[in-house]
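Enquirer: Have a look at this one.
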């Protein structure tokens, strides 16, 4: 749809000129799948954080699809907060993808709900999204619903429950323990002022084609280091891990790896590396992703995204 894409670019250009006095952001994205389909390129331009009613509107157009979204946040002191977001994507080759999410907290209780209904595959919009850290539903049509709840017993103990349905139904139950931060050795002069925060998790996952115990840990400090790893052992094996490094100047680095062969509707192998840093008045993000689909070849590619606030003020004339 080259003609439609050009019209969309002109429309967004006009809209950006009209929205410069608003808290609006321009998002530019280029991505390329290098293998196994080296010609799967995507170019996208969009506007986000455009005030509309009580929330914020967003719109983007690419050579693959048009997407619109709406986001709203509510603060309800002293009860808590509520955030919701809905997105509708229309691939040029047909079909629709509707996704919605909501999260909120009330005292010691936190709840998150995410759902999708679609008649087009995820690859029709963003081919590289199939290897995101979070498992995505890769079926050409269907629906799914994910729910996660957490209850804080006290400062050191948290109970978590989860449900995934619509694709491969399964449930999880987890107990997380957060001991007192570990103090480094007094002989370690470089890190004596940086305590380590360590949390443990243990639980159970059961459902369609999966049953086993889970265990995990998170290690972090105030300098920005965080390492999170979770494993599953039972009728199937799985492991997920994410490492976020302390910032190097203005640059942030993160890496992730997920191997979950029990998943039937998502890529069982996913990995990636992420870089983010300021550039001019905006922020550039460079991401490399890869993985393997069920019974398919290994694939991968890269994505470059630049976000620019239209009303950014850097103090220069």
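Enquirer: Conditions first: (1) at pLDDT 95 or above; (2) outside any loop (DSSP other than H, G, I, E, B); (3) within 18 Å of the chain's Cα centre (by Cα). Residue 160 passes all but one, so which condition is the exception?
Expert: (3)
Enquirer: Of the numbered conditions (1) out of contact with any helix residue (DSSP H, G or I) (no Cβ under 9 Å at 6 or more places or on another chain); (2) touching a residue at least 40 places away in the same chain (Cβ under 8 Å); (3) assigned to a strand (DSSP E or B), residue 301 fails exactly one; give the number of that condition.
Expert: (1) is the only condition that residue 301 fails.
Enquirer: Conditions first: (1) in contact with a helix residue (DSSP H, G or I) (Cβ under 7 Å, 6 or more places away or on another chain); (2) at positive phi. Residue 129 passes all but one, so which condition is the exception?
Expert: The single condition residue 129 does not satisfy is (2).
Enquirer: From the residues in region 168-187 that are at pLDDT below 95 and surrounded by 11 or more Cβ atoms within 10 Å (Cβ to Cβ), which one is nearest to residue 217 (Cα to Cα)?
Expert: Out of the qualifying residues, it is 178.
Enquirer: Taking the condition out of contact with any strand residue (DSSP E or B) (no Cβ under 7 Å at 6 or more places or on another chain), more than 20 Å from residue 272 (Cα to Cα) and either crowded, with 16+ Cβ neighbours inside 10 Å or at pLDDT 95 or above (or both), does residue 211 pass?
Expert: no
Enquirer: Do you know which residues across region 138-157 are surrounded by fewer than 18 Cβ atoms within 10 Å (Cβ to Cβ) and in a strand (DSSP E or B)?
Expert: 142, 143, 145, 147, 148, 149, 150, 151, 152, 157 - these are the residues of region 138-157 that are surrounded by fewer than 18 Cβ atoms within 10 Å (Cβ to Cβ) and in a strand (DSSP E or B).
Enquirer: Which of (1) in contact with a strand residue (DSSP E or B) (Cβ under 6 Å, 6 or more places away or on another chain); (2) more than 25 Å from residue 26 (Cβ to Cβ); (3) surrounded by fewer than 16 Cβ atoms within 10 Å (Cβ to Cβ) is the odd one out, the single condition residue 291 does not satisfy?
Expert: Unmet condition: (3).
Enquirer: Does residue 256 satisfy being exposed (fewer than 14 other Cβ atoms within 10 Å of the Cβ) and at pLDDT 95 or above?
Expert: no
Enquirer: Now a separate question. Which of the strands (runs of 3 or more DSSP E) contained wholly in region 66-137 include at least 3 residues that are within 24 Å of residue 240 (Cβ to Cβ) and touching a strand residue (DSSP E or B) at 6+ places or on another chain (Cβ under 6 Å)?
Expert: Fully inside region 66-137 and qualifying: 97-106, 109-118.
The values are calculated or read from the model by the stated rules, or taken from the named source; none is laboratory data. It should be emphasised that the depicted structure is a prediction, and the values quoted were computed from it without experimental measurement. Heads up, the Cβs are rebuilt from the backbone with ideal geometry, glycines too, and the neighbour counts pull from every protein chain shown.
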